[in-house]
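A.B. asks: Okay, handing you the structure first.
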Amino acid sequence: MNQTSPGTIAVFGANGYFGTMAVEDILSSTTSEILAVTRRRPFLSPSERIRSALADLADAAQLRGVLTPDIRIAVNCAGPFHGRPSPLPLICI
């Protein structure tokens, strides 16, 4: 497999079921660094390619604080996925 790096990838909900799978897949298929974003506690499995940040999807100021210019891709694995508005898509644009 061709290992590529699009830059730093932020994974929201990194401690959850889908977030953990996304982090594992990114680590195995790219050379990218990962910003593991969680709401309450730091990422459970840090490594030299993974750094951790705390942010709530409902808090625009916190999201702006973690979405620094080095973030090239944002992956949202934080639920619930309906009925809860989040400023994340607008901040990413």
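A.B. asks: Conditions first: (1) in contact (Cβ under 8 Å) with a residue 12 or more places away in the chain; (2) surrounded by fewer than 19 Cβ atoms within 10 Å (Cβ to Cβ). Thr30 passes all but one, so which condition is the exception?
C.D. replies: Answer for Thr30: the failing condition is (2).
A.B. asks: Let me ask something else. Can you tell me how many residues within the range 80-93 are closer than 13 Å to Gly13 by Cβ and surrounded by 14 or more Cβ atoms within 10 Å (Cβ to Cβ)?
C.D. replies: Within the range 80-93, residues that are closer than 13 Å to Gly13 by Cβ and surrounded by 14 or more Cβ atoms within 10 Å (Cβ to Cβ) number 2.
A.B. asks: For the range 43-68, how many residues meet the condition of being within 12 Å of the chain's Cα centre (by Cα) and open to solvent by 70 Å² or more (accessible area, probe 1.4 Å)?
C.D. replies: The number of residues fulfilling the criteria is 2.
A.B. asks: I've got another one for you. Where in the chain are there strands (runs of 3 or more DSSP E), lying wholly inside it, with at least 3 residues that are modelled with pLDDT of 85 or more and among the β-branched types (Val, Ile, Thr)?
C.D. replies: Passing ranges, in order: 8-12, 34-38, 71-76.
A.B. asks: Consider Gly13 carefully, then state whether it is open to solvent by less than 60 Å² (accessible area, probe 1.4 Å), touching a residue at least 60 places away in the same chain (Cβ under 8 Å) and of a type outside the set (S, T, N, Q).
C.D. replies: yes
The values are calculated or read from the model by the stated rules, or taken from the named source; none is laboratory data. These numbers were taken from a predicted model, which means no experiment stands behind them. Cβ sites come from the backbone with ideal geometry, for glycine too, and all protein chains shown count toward neighbours. In case anyone asks, the SASA skips ligands and DNA or RNA and just uses the protein heavy atoms, side chains included. Shrake-Rupley method; radii C 1.70, N 1.55, O 1.52, S 1.80 Å.
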